[in-house]
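Dumping the structure here so I can ask a few things about it.
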Amino acid sequence: MQVIRGGVLVTPKGLRCGDVVLDGDQIVQVGGTYAQAADDQVFDATGCYVYPGFIDAHTHMQCWTGMDWTADSFETGTRAAACGGTTTIVDYCTQDKGMTLHQALDEWHKRADGTCIANYAFHMAIADWNETTREELPDIYEKGITSFKSYFAYDHLKLDDAQTMELLEEIGKFEGILCVHCENGALVDALQKRVLDAGIVGPEGHPLSRPSIVEAEAISRLMYLSELTGTRVNVVHCSTKEGLEQVRMARKRGVRVNLETCPQYLLLDDTRYFEQGDDGFAGAKYVMSPPLRKPMDIAALREAVEDGEIDQISTDHCSFNLHGQKDRSRGDFTKIPNGGPGVEHRPALIMTSFAEKLGPMDFLKLLSEGQAKVFSMYPKKGALAVGSDADICVWNPNVEWTISTKNQHQNVDYTPYEDFEVNGKPRYVFINGELAVRDGEPLDNKPGRYVARS
């Protein structure tokens, strides 16, 4: 047995004291005093909170964009996740045009299986809607995928409204949920051309070509498609006050919508695109879609987090190096690889930033329980409870440290949060009952498993 002793336990029913006991890959005791045997291992959690492992339900590891591979493989990405306290990621397995869903799933398993430090599940992103894809859906569901994704933007990925409606109808038959990238792709294409024609070619052109209305319109459209079909939807990476308002109105109409945002939309604003370091191209670090927004958007989203309107905070971790990847696109911001890193730093950033407004139970919901409930993993994941999986983060809130490229484990040459001062770091991280991280540093093992959901 492994016994975690002395910490404050963050359980579904509230905070409590006592021991947490792990037997293999399961939790067998939460609270009380365990009568340990001579061969039991005891881990001191004094001064710490004991959480179920955190879950990041929005990542893109080892992903080919048509021009570049992301900088993080499943191995490096899940190592970084675990070092920050995240024990499970949900990655976007993406069907390309002309590819079947089974081919996409086989490819993602080939990339991930046997390489991961943290656990991994998959959403299925659908880019080629046809009769073959429709017929595959029930079998994909049986293989443990209960969540799907579609895009309203990117020509090589997006579905039109009729296709999105049909997809919603099909996954609704087995209570699936559709995650949607909500940007109006036609408007983005037109606005990108206008911005370039005006002579704006650097990273500062990126937010100009994707104004807030582009997101709000797409979210509104998704809300009506969900209302029409009755199928549950998840708005990913909500970044604007206007988009948030569309979700609020839809919820009042009874639309079943879950809402995700990301640390970058709670902490960084669009002045970052004008950074002049790195030979005048530092702003490219923040080229991600949707882009960073105005302070008023940050304020609105932060208020929504504090008021409990946000179901989950995940990262959209999609890392590209500034040097050799993003900086190859000087002279045309539309060719800068979209995405940024964040899987390692999410828990520390959120707990530090909201320390005055939120507490451990709120962080449980935003960083673990919310993801587990929305994506059919609860209570095996996301709960510190008897019978749950032995994924544990023993969080030490008393460690003060500074985020830096020099001390991160993400396999990328920058972090958007360079020099952010944060409080808190994992003392221990257990994944499937194996100790994988000690004091924020990885051990030499790969206990991560595929998480089949139902």
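Could you order peptides 241-249, 11-19 by the average number of other Cβ atoms within 10 Å of their residues, highest first?
Highest-to-lowest ranking by the protection proxy: 241-249, 11-19.
Please report, in debye to the nearest 20, how large the charge dipole of the chain is about its Cα centre when each Lys and Arg carries +1 at its beta carbon and each Asp and Glu carries -1 there.
In total the dipole reaches around 640 debye.
So, R0 is 35 Å and r is the distance between the beta-carbons of residue 279 and residue 155; what FRET efficiency does that work out to, to 0.05?
Efficiency computed from Cβ-Cβ geometry: 0.70.
Ok, one more. Please arrange 268, 22 by counting, for each residue, the other beta carbons lying within 10 Å of its beta carbon, fewest first.
268, 22
I need the peptides 83-91, 169-177 ranked by packing, meaning the mean over residues of other C-beta atoms within 10 angstrom, with the highest value on top.
Ranking, from highest mean packing down: 83-91, 169-177.
Tell me, what is the percent relative contact order of region 75-158, built from C-alpha pairs under 8 Å that lie six or more residues apart?
RCO, region 75-158: 34 percent.
Also, quick follow-up: Need one word for region 54-374: rounded, prolate or oblate. Basis is the Cα gyration tensor (sqrt eigenvalues a ≥ b ≥ c); a/c below 1.5 gives rounded, then a/b vs b/c decides.
rounded
Let me make sure I get this right: for region 83-198, a, b and c are the square roots of the gyration tensor eigenvalues over alpha carbons, sorted descending. Under 1.5 in a/c it's rounded, otherwise prolate if a/b > b/c, else oblate. Which is it?
It comes out oblate by the Cα gyration axes.
Between region 211-273 and region 127-144, how many Å separate their Cα centres?
Centre-to-centre distance over Cα atoms comes out at 26 Å.
Residue 99 label point, 7 Å along Cα→Cβ, cut-off 19 Å on backbone N: hits in region 154-184?
154-160, 179-181
A further question follows. Give the distance, in whole Å, between the Cα centre of region 401-439 and the Cα centre of region 1-78.
One Cα centre to the other: 15 Å.
Working from Cα positions, state the angle (0 to 90°, nearest 10) between the long axis of helix 161-172 and the longest principal axis of the chain.
For helix 161-172, the angle is close to 20 degrees.
While we're on this one: How much length is gained if the chain between residue 38 and residue 245 is pulled fully straight, taking 0.36 nm per residue apart and subtracting their Cα-Cα distance, in nm to one decimal?
68.7 nm
Tell me the relative contact order for the chain as a rounded percent, counting alpha carbon contacts under 8 Å between residues six or more apart.
Worked out over the chain, it gives 22 percent.
Continuing with the same structure: Tell me, what is the FRET efficiency for residue 110 and residue 166 to the nearest 0.05, using R0 = 22 angstrom and their Cβ-Cβ distance as r?
E between residue 110 and residue 166, to the nearest 0.05, is 0.15.
Just to verify a number: FRET efficiency for residue 441 and residue 15, C-beta to C-beta distance, R0 = 41 Å, to 0.05?
The calculated FRET efficiency here is 0.90.
So what is the diffusion coefficient of region 265-329 in µm² per second by Stokes-Einstein at 25 °C and 0.890 mPa s, using a Kirkwood Rh over Cα pairs?
Here the translational diffusion coefficient equals 184 µm²/s.
No lab work stands behind these numbers, since they all come straight from the coordinates. These numbers were taken from a predicted model, which means no experiment stands behind them. As a convention, Cβ positions derive from the backbone with ideal geometry for all residues, glycine included, and neighbour counts pool all protein chains shown.
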